[in-house]
Amino acid sequence: MSVVSYEMQGDIGIIWIDNPPVNALSQALRDGIYDAVTAAQDDHSKALLLICRGRTFIAGADISEFGKPLTGRDFNQVLECIEHSAKPIIAAIHGTALGGGLETALACHYRCALPSAMVGLPEVHLGLLPGAGGTQRVPRLIGVEAAIKMITSGAPIKAAAALEAKLIDHMVDGDDLLAGALAYAEQLIANAAPLLRVRDITIDSASFDAAIFDLSRKQLSRQARGQVAPQRIVDCIEAAATMPFDQGLAIEQGHFLDCMASSQSAAMRHIFFAQREASKIKDLPKETSKRHIQSVAIIGGGTMGGGIAMNFANAGIPVTMLEINDQALQRGLAIVDKNYTATVKKGKLSEAKKQCCMDLITGTTNYQDLANVDLVIEAVFENLDIKKQVFAKLDEVCKPGAILATNTSYQDVNAIAAATQRPEDVIGLHFFSPANIMKLLEIVRADKTSDEVIATSMAVAKAIGKVPVLSGVCFGFIGNRMFSQYGREAQLCLIEGASAEQIDRVMENFGMAMGPIAVSDLAGIDIGYKVREAMSDEEKGDPRSYCIADVLVEQGRLGQKTGAGFYKYDPQTRARLNDPEVTALIEAQATKYNITRRAFSDEEIIDRLLLPLVNEGAKILQEGIAQRPSDIDVVYVFGYGFPVYQGGPMHYADHIGLETVYKKLCALQQQSGDDFWQPAELIKNLAENGSSFAHWAHNQN
Ligand code: 3H9
């Protein structure tokens, strides 16, 4: 079936685009539009309408074709053909006109849209810039400053705002796009409307401050640390403002091609597809039914419970928060109120919306009040016995068919499920702190969890705006199991001679949102301490990897919350500062464990911290805990601040090559004499065959 078709209605030629699911501008679509516009020049139509079937207008270039050779028209040839049409072409927009989709619309002479439509240039989220004139046409319509904001943020805007900004010319009344667009086209014909070409608009140099470009580049180097595309976007907009259209377009082309060939964009495109892949459960039949989740209960009103409750309230789902007594309950509800108030103060939420959300959250101290809820999420203290008691109680009071979920970070979900008579309804829903903000949701499938409960949980995650990833049961699941290896190595580097400042700087330069030592201080060093208290010596692992943290906790240095941890914190600015007392403490521990401290290179720190992530990730794959390597990448990007432009640990390993990873692991094992570094079988096999995680995953499908 052709992706482009053409029909006449009266004076108007309609170019129909039909390329499901999102009408991405594939090669076939580009060729089809070019041919249709060219052929229409010779028929009796007086105007042409570009309109899409399905759920959306063109949502952008077909990302899956990037890097493949052109076999037909390129983007700019098609847009030039539209722009130079002798008859007015009108884009009729519904759904989302994104990236190359909006750029196509901007090459048309007029644009109309449904009120529900959105337009945007999200290329920056793929490590790219708009490469089909977006950086040149948008500032000509909305001004330089607004264009920088729109294109570097990648955020879509609603049709009403687009109309006001002159990105679209006409809003269609009602929801019949075709009828509305035809009427608009008739009106343009009747008025002998001119062929308006955005390229002909000149940007008045008085309309912007010439300093804006340097200022924006500086701001973006902080906001989008390490990323190339935002910088190049500003360069392109500067060209739009200071050069003729074709010269600016050529600059845009050059930067677009450089970005497309960059490892940053490859990593970000990998994450785009990985995120979508993660929601697919390999062994779940497509027809698996889902339960309706119309009410939720949260057990525990701590920071985590409160954050989880907010997710549901934000999505319009009523939540009952259960606490052990009224005092704890009021404290929990107050935390939620405080969080919402902070969001209102930042201008990100209206007072009215806050009130709607708060009205959806009610409290109770009585388990009987949970009798009719569809989903319960337990978020009590990390103690297996307490959790088992909670689940036994839930089993007594909850209606048949309710989903019973635990937000545990480490505990055995099978053991928790066994505390009930309905293990098929029990699942892990592991939120990340702060739970109302962090996108990741690990969905932990226990041995007896039913398909229906998994399918429902995936759907619930999406409904509340989370990025779900399936994990099997193991200590720490995917994310924390790997993170403990990363944390171990950060501590060992510290005792062996690297400074906290060096470790954090190196990892932050790599792109991590925050270095590992600073993360410990932020989260509270006492958290790991408490977890270790319940562990045997064997479970705790190498004492050199936690001795410093133990002493800090015993000295009351719990991290940021006590004003001091691995660092001390300026009481006014909260800036982290090196503390000679901690250096002395570390030296004393090194002496105790017979460690001769030495200097570390930055590269050594990267290897020591990232290779254990990769090695543990490979073991997780071998054991079938994660479905695919890209799921692990999604966990790290959305839950642990791993830089999206590095693509996650498994993509990073593929990027540097598994042979290199294998050799480095072997070398570390030999140097340290520690089997911790023994390469996972999977890495060994793939390295020996010159393969990659991505290739292995492809063959598993
Ligand atoms: C660009 O345009 C460059 C130009 O400036 C210049 C060129 C020279 N290509 O997200 P969903 C697939 S760069 C290929 O679940 P939703 C997606 O993988 C592009 N495939 O749906 C999924 O496949 P599957 C700029 C794409 O309703 C299916 O469609 N544009 C593309 O939640 C459904 O996707 C963007 O960055 C694509 N462009 O959200 C927009 N888009 O079912 C990217 C989607 O096999 N897209 N797919 O897993 C989006 O933001 C969302 O998909 C959208 C729909 C909002 C459109």
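The values are calculated or read from the model by the stated rules, or taken from the named source; none is laboratory data. Every value quoted in this text rests on a predicted model; they were computed, and no experiment measured them. Here the Cβ positions follow ideal geometry from the backbone for every residue, glycine too, while neighbour counts run over all protein chains shown.
With a requirement of 1 or more residues that are without any contact (Cβ under 8 Å) to a residue 60 or more places away in the chain and surrounded by fewer than 23 Cβ atoms within 10 Å (Cβ to Cβ), the helices (runs of 4 or more DSSP H) lying completely within the range 607-687 that satisfy it span 649-656, 658-672. Taken as a whole, the range 20-42 holds at least one residue that is on the phi < 0 side of the Ramachandran plot, in contact with a helix residue (DSSP H, G or I) (Cβ under 6 Å, 6 or more places away or on another chain) and basic (Lys, Arg).
Please work out if residue 162 is in contact with a Lys or Arg (Cβ under 7 Å, 6 or more places away or on another chain), in contact (Cβ under 8 Å) with a residue 24 or more places away in the chain, small (Gly, Ala, Ser) and within 16 Å of the ligand (Cβ to nearest atom). Don't jump to the end; show me each part of the working.
Working: in contact with a Lys or Arg (Cβ under 7 Å, 6 or more places away or on another chain): no; in contact (Cβ under 8 Å) with a residue 24 or more places away in the chain: yes; small (Gly, Ala, Ser): yes; within 16 Å of the ligand (Cβ to nearest atom): yes.
For residue 162, the condition - in contact with a Lys or Arg (Cβ under 7 Å, 6 or more places away or on another chain), in contact (Cβ under 8 Å) with a residue 24 or more places away in the chain, small (Gly, Ala, Ser) and within 16 Å of the ligand (Cβ to nearest atom) - is not met.
Considering only residues of the range 8-45 that are of a type in the set (S, T, N, Q) and within 16 Å of the ligand (Cβ to nearest atom), which is nearest to residue 111 (Cα to Cα)? Once the filter is applied, the top-ranked residue is 23.
Kindly evaluate residue 48 against the criterion of being within 16 Å of the ligand (Cβ to nearest atom) and either more than 22 Å from residue 74 (Cα to Cα) or out of contact with any Phe, Trp or Tyr (no Cβ under 8 Å at 6 or more places or on another chain) (or both). Walk me through it before giving the result.
Working: within 16 Å of the ligand (Cβ to nearest atom): no; either more than 22 Å from residue 74 (Cα to Cα) or out of contact with any Phe, Trp or Tyr (no Cβ under 8 Å at 6 or more places or on another chain) (or both): yes.
So residue 48 fails the test.
Return the residues of the range 51-75 that are near the ligand (Cβ under 10 Å from one of its atoms) and out of contact with any Leu (no Cβ under 7 Å at 6 or more places or on another chain); say none if nothing qualifies.
55, 56, 57, 64, 65, 66, 74, 75
On the given criteria, is residue 342 more than 18 Å from residue 378 (Cβ to Cβ) and modelled with pLDDT under 95? Yes. Within the bounds of the range 178-188, is there any residue that is crowded, with 24+ Cβ neighbours inside 10 Å, in contact with a Ser or Thr (Cβ under 7 Å, 6 or more places away or on another chain) and either touching a residue at least 12 places away in the same chain (Cβ under 8 Å) or not assigned by TED's automatic domain parsing to the domain that holds residue 63 (or both)? No; the residues of the range 178-188 include none that is crowded, with 24+ Cβ neighbours inside 10 Å, in contact with a Ser or Thr (Cβ under 7 Å, 6 or more places away or on another chain) and either touching a residue at least 12 places away in the same chain (Cβ under 8 Å) or not assigned by TED's automatic domain parsing to the domain that holds residue 63 (or both).
None of 499, 450 is more than 22 Å from residue 300 (Cα to Cα), at pLDDT 95 or above and touching a helix residue (DSSP H, G or I) at 6+ places or on another chain (Cβ under 6 Å) except 450. Inspection of the range 305-315 finds a residue satisfying the criterion of being out of contact with any Asp or Glu (no Cβ under 8 Å at 6 or more places or on another chain) and surrounded by fewer than 21 Cβ atoms within 10 Å (Cβ to Cβ).
So that you can scan it fast, the table gives a plain yes or no per residue for (1) assigned by TED's automatic domain parsing to the domain that holds residue 65; (2) over 22 Å from the mean Cα position of the chain (by Cα); (3) more than 15 Å from the ligand (Cβ to nearest atom); (4) at pLDDT 95 or above:
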| residue | (1), (2), (3), (4) |
| --- | --- |
| 213 | yes, yes, yes, yes |
| 237 | yes, yes, no, yes |
| 249 | yes, yes, no, yes |
| 253 | yes, yes, no, yes |
| 266 | no, no, no, yes |
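Listed by first and then second residue, the pairs with beta-carbon distance under 9 Å, at least 6 apart or on different chains, first residue in the range 103-132 and more than 26 Å from residue 262 (Cβ to Cβ), second more than 9 Å from the ligand (Cβ to nearest atom) and at pLDDT below 95, are 114/174; 114/175; 115/173; 115/174; 115/175; 116/175. Checked against the criterion of being aliphatic (A, V, I, L, M) and within 15 Å of the ligand (Cβ to nearest atom), the range 336-347 contains not a single residue that satisfies it. Among the residues of the range 106-152, those that are over 27 Å from residue 645 (Cα atoms) and either touching a His at 6+ places or on another chain (Cβ under 8 Å) or within 10 Å of the ligand (Cβ to nearest atom) (or both) comprise 110, 111, 112, 113, 114, 116, 117. Only residues that are within 35 Å of the chain's Cα centre (by Cα) and among the polar types (S, T, N, Q) were counted in the range 355-398, giving 5. The residues of the range 93-105 that are part of a loop (DSSP other than H, G, I, E, B) and within 8 Å of the ligand (Cβ to nearest atom), listed by number, are 95, 99.
Yes/no matrix, rows are residues, columns are (1) part of a helix (DSSP H, G or I); (2) out of contact with any Cys (no Cβ under 7 Å at 6 or more places or on another chain); (3) among the polar types (S, T, N, Q):
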position	(1), (2), (3)
388	yes, yes, no
400	no, yes, no
404	no, no, no
408	no, yes, yes
414	yes, yes, yes
419	no, yes, no
427	no, yes, no
430	no, yes, no
435	no, yes, no
